[in-house]
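Structure record follows, encoded as structure tokens.
Just so it is clear, none of the values below were taken in a lab; they were calculated from the coordinates. It should be emphasised that the depicted structure is a prediction, and the values quoted were computed from it without experimental measurement. Note that we place each Cβ from the backbone using ideal geometry, even for glycine, and neighbour counts take in every protein chain shown.
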Amino acid sequence: MFGYRVPAPEEAMLISGGRRGLGGAPFRVVTGHGKFVLPVFRKVRFLTLSMCEAEVTETCVTKQGISLHVRAVIAFKVGNDHESIINAGQRFLSDQEQMSVLTGRIFAGHLRAIIGSMTVEEIVTERQKLAAEVLDTSKTEMGTIGLIVDSLQIQSIDDGDTGYIDAMSAPHKAAIQRQAQIAQAQATQAAVEAEQEATRKQAEYARQTAIVKAEYSAEVDRAQAEAAQAGPLAQAHAQQEVLAAQTELAERQAKLRQQQLVAEVVKPAEAEAERVRILAAAEAQRMKIQAEAAASYDRVALDRMLIDQLPQIVKEAAGGLSGANVNILNGADGLGEIAAGLVSQGLTILDSVRQNMSGQDQDTKADDNTAAKGLLQLRSGKERASDNGPVNVD
């Protein structure tokens, strides 16, 4: 539209004519939006708000009296507030290139002043401190002309032909060179060790390869040998299995034959032996019974013989009395008593003989001895009766 003006994003539009701007400024400031401007009655100018750069190359003398050539770069711009725009517009609107020139001069003065209060060692080792002090001292002055500094970089410091900085850096250079040489030696040693390790690994790989090849070849030879022996081994194994089966069959046949022999020979022999033993036991029992019967018969015969001999015994006793000198006091009764006593003594001897013969542990000889003893007792009585003379019977 005719008469409507809009500033660029990095510009401030300054409108002069008509009423005054903020704080009695000779113009009004418009940023970020458009404004209708009456032609002929109003005049419009634009002030850049973009970043600007100023380079400073200055020879400065340090606190030690050593000259240093310092090169610095300043990044600055017009402030975004209306006061900064008004201050910058009043000073640089007609020639905006002068902002870089004036800024360079301002910073050159502050740079000389601050370097003059520092030593070379401080300047070289503390560049950031130098830049911070320069910015701090120039902030008020830059704000007065409507400019703000974004950064200050000290790009180089040179002492020319003095050689002070080189001398100052010589120990560090020597240390660095020494470290570089050490690093180089270490690198060389590491390279040699790496090469040796690579050679060793190659030799190890070659050895492992040879071993694997030899093992593979041996395995192939072994497989071929096993394949060549597979047929005979299989045949021998089959023959071994046949022999094992035949051996097992022979063992079974032997066991069967042994069982048959036991059934045919041993068992009948054992049965015959048992029969013979039973017959022998029966025969022995029969003979024992016969012996016992014979012994019993002998006792009965002895008893009968003794009974048969009893009258003879009594007769012998009577015969003994016939020769004896016996006085009979009571006549026939006394004689009967004597005879009765002889008979009673004979019966007693007979009972004793029978009792002795009834024991199973005494044999016939003992019975004969007992009978003989009985006869001897009768005879002894007879003899005593004959030797004693007359016997008086009360």
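For the reader, a short list of remarks on this structure follows.
- Overall dimensions of region 147-212, expressed as equivalent-ellipsoid semi-axes from the Cα gyration tensor (√(5λ), whole Å, largest first), are 53, 20, 6.
- For region 1-107, the fraction of alpha-carbon pairs in successive 10 Å shells from zero, as %: 13, 37, 24, 13, 8, 3, 1
- Estimated distance in nm for a label pair at GLU219 and GLN258, the labels positioned 7 Å out from Cα along Cα-to-Cβ: 5.1
- Listed residue pairs exceeding 26 Å between alpha carbons, taken from LYS43/LYS139; LYS267/LYS288; LYS35/LYS139; LYS77/LYS129: LYS43/LYS139; LYS267/LYS288; LYS35/LYS139
- Extended-chain gain in nm, criterion 0.36 nm per residue less alpha-carbon gap, VAL192 and SER67: 40.1 nm
- Percent of Cα-Cα distances greater than 19 Å, calculated over region 60-125: 47
- Cβ-placed point charges (K, R +1; D, E -1), dipole of region 113-220 about Cα centre in debye, nearest 20: 500
- Between GLU248 and ALA183, the distance separating the two model label sites (each 7 Å from Cα on the Cα→Cβ line) works out to 8.4 nm.
- Applying 1/(1 + (r/R0)^6) with R0 = 30 Å to the Cβ-Cβ distance of GLN290 and VAL266 gives a FRET efficiency near 0.25.
- Relative compactness, region 135-267, computed as alpha-carbon Rg over 2.2 N^0.38 Å: 3.46
- Label point distance in nm, VAL276-LYS139, each placed 7 Å from Cα along Cα→Cβ: 14.5
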